[in-house]
Amino acid sequence: MIKEEGKSMDVVSNIEIDRVKESKLPQVDFNNIQFGKQFSDHMFIADYKGGEWKNFKIVPYAPISLSPACAAIHYGQSVFEGMKAYKNEDGEVFLFRPEENAKRINKSAARLCMPEIPQELFMEAVKELIKIDSDWVPAIDGCSLYIRPYLFASEELLGVRPADEYKFMIFTAPVGGYYEDEIHVKIETEYTRAAEGGVGFAKAAGNYAAALYPAKLGEAQGFRQLIWTDAKEHKYIEESGTMNIMFHIGDKLITPFTDLKTTLAGITRDSVLTLAKELGVVVEERKVSIAEVVEAIKDGTLKDAFGTGTAATLAQISSITYNDERLELPSLDSRTLSNEIGQIIQDLKRGKVEDTHNWIYRV
Ligand SMILES: *Cc1c(COP(=O)(O)O)cnc(C)c1O
C-alpha cells in the first residue's frame with residue numbers, strides 16, 4: 001500500500017494489465033542474445049499529473065505517443081535506473097538490492113526537480129512486470145533480464161521550468177553473458193563528466209549524452225573507456241566510463257569517495273566494498289590521485305584495478321594510459337581480490353552461498 005498524505009492505495013490492484021496476444025518469446029535464441037535488439041513482451045507505464053501518480057498500466061511493449069514539445073526532449077528532465085533479474089538453479093526469479101535503485105532514482109529526480117516515485121510504486125511495478133515476463137528471464141549462466149526504469153517530463157511545454165507532467169516507465173530486455181576483450185583505458189584530462197555542484201551523482205540522461213563525444217575520441221585511439229577525472233584540475237580519479245573504479249594497492253582497496261557528488265554511488269560499488277571489508281581488506285573511500293595510481297603501477301604495489309557496475313559487475317582493467325604513456329597492469333589471473341569478490345557475488349546470485357545481507361529479493 002502506498003501511503004501518501006494520509007491516503008493509501010494498493011498499487012498492484014490498481015495496475016491495469018493488457019497482455020500481448022502472441023508472445024515474441026519463440027523468436028528469441030537465448031544462447032545467442034543480441035544486446036539491445038530484443039525487448040520483452042510487456043512494459044509498465046504510469047502518469048504523473050495534477051500532483052499525483054495515476055494510470056498504472058502493464059501493456060504490450062510498443063512505441064508511445066508524445067507531444068513534439070515534450071519537455072524532456074528539449075530540456076532534458078530525464079533520469080533512469082539499470083537493474084537485472086536473474087534466475088537461480090531452481091528456476092526462481094530474483095533481483096539484486098532493488099530497493100537501492102528505488103531510492104536512487106528519487107535522488108536523481110530531486111536534483112532535476114522531478115516528482116518522487118513512491119518506493120512502493122517502484123517496487124510493485126518492477127515486480128509485477130517481471131512476474132508477467134518471467135519466462136524472459138534467461139536460465140542460462142551469466143545471462144539475465146536487464147530492467148530499465150525511467151522517469152521523464154512528458155508535458156507539452158516551451159517555457160523553461162520544471163514540468164508538471166511526467167511518465168514513469170519500465171521495459172526489460174534479455175542480455176547475454178558479459179564477455180569483454182581486454183579493457184584498455186585512458187585517463188581523460190581534457191573533457192569532464194561531472195563537476196562539483198553539477199549532476200554527476202544523478203543517473204541523468206544528459207550525463208551520458210555529454211560523455212559520448214570524448215568517449216568516441218577515446219575509442220578512435222583504441223580505448224575501451226575513459227577514466228574521468230575531477231573538473232577543476234584533472235588530478236583526481238572519479239569513475240571509469242559508466243562504472244565506478246577501484247584500485248587494490250598494497251593491502252588496501254581504494255576508491256574515489258562520493259562526497260563531492262561528482263561520482264555516482266553505485267550499488268555494485270557498495271556491495272563490493274562491503275564484501276571486501278568482510279574479507280578483511282582495508283577499504284579507503286577518499287580522493288584518489290592519478291599520481292598515486294601511476295606510482296603504484298610503476299613500483300609494482302598496484303595489484304588490481306577494476307570497474308564496478310550492474311552491466312558487468314566487475315570489469316578488470318588491463319592497461320591505463322596517462323599522457324600517452326601506456327602502463328600495463330598485472331595479468332588478470334593474478335587479480336585475487338576482484339576474482340574472489342566476483343565469485344562471491346556470482347554464488348550469491350545462484351543461491352550457492354547464504355545471503356547474509358538480504359541483498360537477494362525474490363519476485
Ligand atoms: C549506473 C552507474 C554506475 C554503476 O552503478 P550500479 O548501481 O553499480 O549499476 C556507475 N557510474 C555511473 C556514472 C553510472 O551511471
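Of all residues in region 216-259, those satisfying the criterion of being more than 26 Å from Thr301 (Cβ to Cβ) and surrounded by fewer than 20 Cβ atoms within 10 Å (Cβ to Cβ) are Lys216, Leu217, Glu219, Ala220, Gln221, Gly222, Ala231, Lys232.
Do we find that Gly51 is open to solvent by 30 Å² or more (accessible area, probe 1.4 Å), touching a strand residue (DSSP E or B) at 6+ places or on another chain (Cβ under 9 Å) and at positive phi in this structure? Judged against the criteria, Gly51 is not a match. One residue stands out among those in region 185-215 that are in contact with a helix residue (DSSP H, G or I) (Cβ under 7 Å, 6 or more places away or on another chain) and away from the ligand (no atom under 15 Å from the Cβ): the one that is most open to solvent (accessible area, probe 1.4 Å), which is Lys186. Given the structure, is Ala265 within 29 Å of Leu145 (Cβ to Cβ), open to solvent by 20 Å² or more (accessible area, probe 1.4 Å) and in contact (Cβ under 8 Å) with a residue 24 or more places away in the chain? Yes; evaluated as a whole, the condition is true for this residue. Taken over region 133-168, residues that are crowded, with 19+ Cβ neighbours inside 10 Å and among the β-branched types (Val, Ile, Thr) amount to 2.
Scanning region 261-279 for residues that are touching a strand residue (DSSP E or B) at 6+ places or on another chain (Cβ under 7 Å) and not in a loop (DSSP other than H, G, I, E, B) yields Thr268, Arg269, Val272, Leu273, Ala276, Lys277.
Listed here are the residues, each with its yes/no results for (1) modelled with pLDDT under 95; (2) within 13 Å of the ligand (Cβ to nearest atom); (3) out of contact with any Lys or Arg (no Cβ under 7 Å at 6 or more places or on another chain).
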residue	(1), (2), (3)
Gly222	no, no, yes
Trp228	no, yes, no
Asn244	no, yes, no
Lys252	no, no, yes
Thr268	no, yes, yes
Leu275	no, no, yes
Glu278	no, no, yes
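Here Ser108 passes the criteria (1) within 29 Å of Glu354 (Cβ to Cβ); (2) buried (at least 19 other Cβ atoms within 10 Å of the Cβ); (3) touching a residue at least 60 places away in the same chain (Cβ under 8 Å) except the one numbered (1). Here the condition is being among the aromatic types (Phe, Trp, Tyr) and under 22 Å from His357 (Cβ atoms); of Phe122, Phe152, it holds for Phe122 alone. Scanning region 230-242 for residues that are part of a strand (DSSP E or B) and near the ligand (Cβ under 8 Å from one of its atoms) yields a single hit, Glu239.
Scanning region 280-292 for residues that are outside any helix (DSSP H, G or I), open to solvent by 40 Å² or more (accessible area, probe 1.4 Å) and more than 16 Å from the ligand (Cβ to nearest atom) gives Gly280, Val282, Glu284, Arg286, Lys287.
Being in contact with a strand residue (DSSP E or B) (Cβ under 6 Å, 6 or more places away or on another chain) and open to solvent by 50 Å² or more (accessible area, probe 1.4 Å) is the requirement here; does Ile73 meet it? The answer is no for Ile73. Scanning region 78-117 for residues that are in contact with a helix residue (DSSP H, G or I) (Cβ under 6 Å, 6 or more places away or on another chain) and polar (S, T, N, Q) returns Ser78, Asn88.
For Ala173, the conditions (1) in contact (Cβ under 8 Å) with a residue 40 or more places away in the chain; (2) more than 12 Å from the ligand (Cβ to nearest atom); (3) at positive phi are fulfilled apart from (3).
Just one of the listed residues (Ala173, Ala194, Ala209, Ala231) is more than 24 Å from Thr313 (Cα to Cα) and small (Gly, Ala, Ser), namely Ala231.
Residue pairs whose Cβ atoms lie under 6 Å apart, sitting 6 or more positions apart in sequence or on different chains, and linking a residue in region 311-335 that is over 17 Å from Gly222 (Cα atoms) to a partner that is part of a loop (DSSP other than H, G, I, E, B), are Ala312/Tyr178. Looking across Glu120, Glu22, Glu52, one residue alone is over 14 Å from Phe171 (Cα atoms) and either within 22 Å of the chain's Cα centre (by Cα) or not assigned by TED's automatic domain parsing to the domain that holds Arg148 (or both). It is Glu120.
The values are calculated or read from the model by the stated rules, or taken from the named source; none is laboratory data. Remember, predicted model here, so these are calculated numbers, not experimental data. Methodologically, a virtual Cβ is constructed for each residue, glycine included, from the backbone with ideal geometry; neighbour enumeration extends over all protein chains shown. Just the protein is used for accessible areas: all its heavy atoms, side chains included, with ligands, DNA and RNA removed. Shrake-Rupley method; radii C 1.70, N 1.55, O 1.52, S 1.80 Å.
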